[in-house]
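Everything below concerns the one structure shown next.
The values are calculated or read from the model by the stated rules, or taken from the named source; none is laboratory data. These numbers were taken from a predicted model, which means no experiment stands behind them. Glycine gets a Cβ as well: all are built from the backbone with ideal geometry, and neighbour counts include every protein chain shown.
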2 protein chains.
Amino acid sequence: MSASLKDATRKATLTTPSDREIRVERVFDAPRDRVWQAFTDPKLVAQWWGRGNKLVIERLELEKGGHWRFVEHGPDGVHGFEGRYREVTPPTRLVNTFEWDGMPGYVILETVTFEEAGSGRTKVVNTSLFYTTEERDGMLASGMEGGLNEGYAALDRLLASMG
Amino acid sequence: MSASLKDATRKATLTTPSDREIRVERVFDAPRDRVWQAFTDPKLVAQWWGRGNKLVIERLELEKGGHWRFVEHGPDGVHGFEGRYREVTPPTRLVNTFEWDGMPGYVILETVTFEEAGSGRTKVVNTSLFYTTEERDGMLASGMEGGLNEGYAALDRLLASMG
């Protein structure tokens, strides 16, 4: 199987460990340091986070208390996303808030862990905590899973090009 | 009883309606429109929110999605606070996030309602929702109640001066 076919069929595993959380697990074919870089270096984030859409990294202050703000220019319009870093522990753990301009004040707390998965692969687990179950369910109903898999497929391609 | 003595003895009522919430109720001797103004006009906020300390209003964009950021210059140092408006419904309801620079990413969702309480008075109810019970309990243990009553006493004085 070619690398591109393998990427196309690999889906993130999405579960709901509590009534206010969404947990997403995905394995990437790259060593942990490289995956960490792709999640935290603005030049690299710009190449996959927007799933092929133009992404402007307005802020990415990678330290406790630092702010981030990304603006995606897609076919359906311009979408801003922002938040702040609560914990930055390279190369294993990032904790940050996440807020979409379209629903201001609906802040999500994201915990992202990076684990070595053997054979030069890395498991990324992203757990999102919402204020309420209704807000969590709204996210699940929003088509997030498709966007997520598109983003991770773009990340697969970036990681392969960095090899 | 003089106004200043009355202010000194009036305390906010603090309860915990759920394991992730703090509810604060306080009646002010001023009509609702005036209280709303004192909570939302940057020139007025600067006069009470810092409890006598210098307060710089860096942002106060009073609309859905708008950001706010206040910096308090106190005897123990400089403290930044910020958030974003989720709902702005004059003169009855404000919903915004609240985050202190000292604990970035520990975002609180505040819902503030303004109710007419008869005889030209206004009841303000501020309900704070935390991500976890631990974060709520940390706030309760922080001495917030003293700071809150100092702020509200400063607000009493401002409201009286606006009469």
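A:E145 - would you say it is in a strand (DSSP E or B), surrounded by fewer than 17 Cβ atoms within 10 Å (Cβ to Cβ), more than 13 Å from chain B (Cβ to nearest Cβ) and not hydrophobic (A, V, I, L, M, F, W, C)? Lay out the reasoning, then the answer.
Values: in a strand (DSSP E or B): no; surrounded by fewer than 17 Cβ atoms within 10 Å (Cβ to Cβ): yes; more than 13 Å from chain B (Cβ to nearest Cβ): yes; not hydrophobic (A, V, I, L, M, F, W, C): yes.
Answer is no for this residue.
If you go through the range B:113-125 and keep only what is touching a residue at least 12 places away in the same chain (Cβ under 8 Å) and either surrounded by 19 or more Cβ atoms within 10 Å (Cβ to Cβ) or over 18 Å from B:R20 (Cα atoms) (or both), you end up with B:T113, B:F114, B:E115, B:E116, B:A117, B:G120, B:R121, B:T122, B:K123, B:V124.
Regarding A:G77, is this residue of a type outside the set (A, V, I, L, M), modelled with pLDDT of 95 or more and surrounded by 15 or more Cβ atoms within 10 Å (Cβ to Cβ)? Taking the combined requirement at face value, the residue does not satisfy it. Output the residue which, of all residues in the range A:66-88 that are more than 13 Å from every other protein chain (Cβ to nearest Cβ), out of contact with any helix residue (DSSP H, G or I) (no Cβ under 8 Å at 6 or more places or on another chain) and assigned to a strand (DSSP E or B), is nearest to B:F81 (Cα to Cα). The residue in question is A:V71.
When you go through A:R93, A:R20 one by one, which is the residue that is closer than 21 Å to B:M103 by Cα and modelled with pLDDT of 95 or more?
Working: A:R20 fails: closer than 21 Å to B:M103 by Cα.
A:R93 is the lone residue from the list that is closer than 21 Å to B:M103 by Cα and modelled with pLDDT of 95 or more.
Of the listed requirements (1) among the basic types (K, R); (2) in a strand (DSSP E or B); (3) within 14 Å of chain A (Cβ to nearest Cβ), B:R136 misses just one: (2). For B:Y106, indicate whether it is of a type in the set (F, W, Y), touching a strand residue (DSSP E or B) at 6+ places or on another chain (Cβ under 9 Å) and outside any loop (DSSP other than H, G, I, E, B). The answer is no for B:Y106. Taking every residue in the range B:130-151 that is touching a residue at least 60 places away in the same chain (Cβ under 8 Å) and pairing it with any residue that is among the basic types (K, R) and in a loop (DSSP other than H, G, I, E, B), at least 6 positions away or on another chain, the pairs with Cβ-Cβ distances below 7 Å are B:F130/B:R20; B:T132/B:R20; B:T133/B:R20; B:R136/B:R20; B:G147/B:R51; B:N149/B:K11; B:E150/B:R51; B:G151/B:R51. For the range B:89-110, taking the residues that are within 10 Å of chain A (Cβ to nearest Cβ) and among the hydroxyl-bearing types (S, T, Y), the one that is nearest to A:F81 (Cα to Cα) is identified as B:T97. Among the residues of the range B:47-76, the ones that are in contact (Cβ under 8 Å) with a residue 24 or more places away in the chain and among the hydrophobic types (A, V, I, L, M, F, W, C) come to 5 in all.
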